[in-house]
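The values are calculated or read from the model by the stated rules, or taken from the named source; none is laboratory data. No experiment lies behind these values; they were computed from the predicted model shown. Please note: Cβ atoms are built from the backbone with ideal geometry, for glycine as well, and neighbour counts cover all protein chains shown.
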Amino acid sequence: MSERIIFLADMESFFASVEVADRPELAGRPVVVAGDPERRHGIVLAATPEAKRCGVKTAMPLFQAERLCPELVVVRPRMRRYIDVSLMISDILYRYSDLVEPYSIDEQFVDMTGTVHLFGTPGAAARRMQAEIRTKTGIRARIGIGPNKVLAKMACDVAKKRPEGLFRTTGDDLPAWLHPLPVGELFGVGERMGAHLERMGIRTVGQLADFPVERLRRRFGLVGERLWRFANGIDPSPVVPPGAPGAELPKSIGHGLTLPYDYARQREIEIVLLELTDQVLRRLRRVGALARTVSVGARGADFRRESGFARETALPTPTDLAEDVYAAVKALFRRHWTGVPLRQLFVAVSGLVPGDARQLDLFIDRIKSRRLAREVDALLERYGPTSVMRAVSLLPGAQALRRATKIGGHEVE
């Protein structure tokens, strides 16, 4: 079997690039796409290279960005437009391969193993792909090429720093470019995991690759082994288009929001948690899965210091029903909330299993609840997010009605 050739195509400053492409008068100017500064402190969602040269970064508070760059042009996000452009880019990529897997709104994997010969070399195919995306959308794509998905992802990080926006790894050159990187830059290593690894004396990707995998497995379970594999360039996962028979279940499904003001009343907070639970479970049912674990997170209103919590608990049986999951959400929240005002909330489910793994209960009939959930999902899908709502979503503090007109937390335009 021939070695796989996987591309990861990443769009440069995607939201900001779409705005500049739609408004040529912004070309060459420092532009950021930022959240709604009228309801809360605006956050930079994307910045053009000109803005980044001033020190502006993604997730930076808008007031700080404007302080660094007084001539900054601030544009409100248009999520519907960004989704449309992302779908246009998917259509372009499908002309190169029928194996295209969106990783995020601005990143997509493409398995070129069976089609790269139609375009010459992998480099030639990537340059042609870049040119077509640029011509049809006005957006610059950076492309990482590797023998698997994780190396394509890491190669793309290198491509972002190169003028041509391209970098290819064959997998036998990892000591030259991957292993010297700080361990926190490895795909899958978050801030907390990076801190744990550094306390173990693992400071580079190469040191992680050389570390005894058994010790990592004992300390971190399957996550430790997975990161060791990534450090060694091992990733057998296929590129699977959405909805394909071989598509894997996601590791978790979650949703969070930043509240429009400081929430200090338990009743109002629990209404929002219920709304988040409903939203997460609709997505869970859409992929045909059940959850075994539920997580709740909250962050205090004072962003200058760490406050809040993130906790999870196992459910008695796998489920996709709000009555089961929300009971666990509420219990977790009441157990760990100290009463401090909150500004962010998060609900997630994980440990997903196929929907046919449902366990029957001799004492509780869930058939009626499942039927009701499916009917509500169908109504929402057909008539929109406000067609069926819980009565509590009309009470003070509720967010479902306000957010129904938004995508990704931002106004639809």
**OP:** Would you be able to say whether some residue in segment 90-104 is of a type outside the set (Ser, Thr, Tyr), within 18 Å of the chain's Cα centre (by Cα) and within 14 Å of Val18 (Cβ to Cβ)?
**Re:** no
Subject >> Residue identified as at pLDDT below 95 and either surrounded by 16 or more Cβ atoms within 10 Å (Cβ to Cβ) or outside any helix (DSSP H, G or I) (or both) among Tyr96, Tyr103 >> reply: Tyr103
Original post:
in a helix (DSSP H, G or I) and within 27 Å of Gln344 (Cβ to Cβ) - does that describe any residue in segment 243-266?
Top reply: yes
**OP:** Among the residues of segment 152-189, write down those that are small (Gly, Ala, Ser) and either touching a Cys at 6+ places or on another chain (Cβ under 7 Å) or under 23 Å from Met129 (Cβ atoms) (or both).
**Re:** Ala152, Ala155, Ala159, Gly165, Gly171
Original post:
Any residue in segment 68-88 that is closer than 24 Å to Ala155 by Cα, in contact with a helix residue (DSSP H, G or I) (Cβ under 9 Å, 6 or more places away or on another chain), assigned to a loop (DSSP other than H, G, I, E, B) and of a type in the set (S, T, N, Q)?
Top reply: no
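Tally up the residues in segment 312-335 that are of a type in the set (Asp, Glu) and touching a residue at least 40 places away in the same chain (Cβ under 8 Å), please.
Here the count works out to 2.
For (1) surrounded by 15 or more Cβ atoms within 10 Å (Cβ to Cβ); (2) in the same structural domain as Trp337 (by TED's automatic domain parsing); (3) under 18 Å from Arg343 (Cβ atoms); (4) of a type in the set (A, V, I, L, M), each residue gets a yes or a no:
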| site | (1), (2), (3), (4) |
| --- | --- |
| Leu257 | yes, yes, yes, yes |
| Tyr261 | no, yes, yes, no |
| Thr277 | yes, yes, no, no |
| Arg285 | yes, yes, no, no |
| Arg299 | yes, yes, yes, no |
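With the requirement that a residue be hydrophobic (A, V, I, L, M, F, W, C), touching a residue at least 40 places away in the same chain (Cβ under 8 Å) and under 25 Å from Gln399 (Cα atoms), what does segment 288-311 give you?
Within segment 288-311, Ala291, Val294, Val296, Ala298, Ala301, Phe303 qualify.
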Original post:
Which members of segment 121-151 meet the condition of being farther than 18 Å from Val20 by Cα and part of a helix (DSSP H, G or I)?
Top reply: Pro122, Gly123, Ala124, Ala125, Ala126, Arg127, Arg128, Met129, Lys149, Val150, Leu151
Subject >> In segment 14-28, the residues that are out of contact with any helix residue (DSSP H, G or I) (no Cβ under 7 Å at 6 or more places or on another chain) and among the acidic types (Asp, Glu) >> reply: Asp22, Glu25
Original post:
Any idea how many residues of segment 174-196 are assigned to a loop (DSSP other than H, G, I, E, B) and either basic (Lys, Arg) or loosely packed, with under 13 Cβ neighbours inside 10 Å (or both)?
Top reply: 2
Original post:
Restricting the first residue to segment 178-193 and requiring it to be more than 19 Å from Leu222 (Cα to Cα), which pairs with a second residue that is part of a loop (DSSP other than H, G, I, E, B) and of a type in the set (Ser, Thr, Tyr) meet a Cβ separation below 8 Å and a spacing of at least six or different chains?
Top reply: Leu178/Thr169
Subject >> Positions within segment 160-173 being on the phi < 0 side of the Ramachandran plot and either assigned to a loop (DSSP other than H, G, I, E, B) or touching a Ser or Thr at 6+ places or on another chain (Cβ under 8 Å) (or both), in sequence order >> reply: Lys160, Lys161, Arg162, Pro163, Glu164, Thr169, Thr170, Asp172, Asp173
Subject >> Residue within segment 144-155 that is among the polar types (S, T, N, Q) and within 21 Å of the chain's Cα centre (by Cα) present >> reply: yes
Subject >> Candidate set from segment 360-401 (those that are surrounded by fewer than 16 Cβ atoms within 10 Å (Cβ to Cβ) and basic (Lys, Arg)); member that is modelled with the lowest pLDDT >> reply: Lys368
**OP:** Give, as residue ranges, the helices (runs of 4 or more DSSP H) completely inside segment 197-239 that count at least 1 residues that are in contact (Cβ under 8 Å) with a residue 60 or more places away in the chain.
**Re:** 222-231
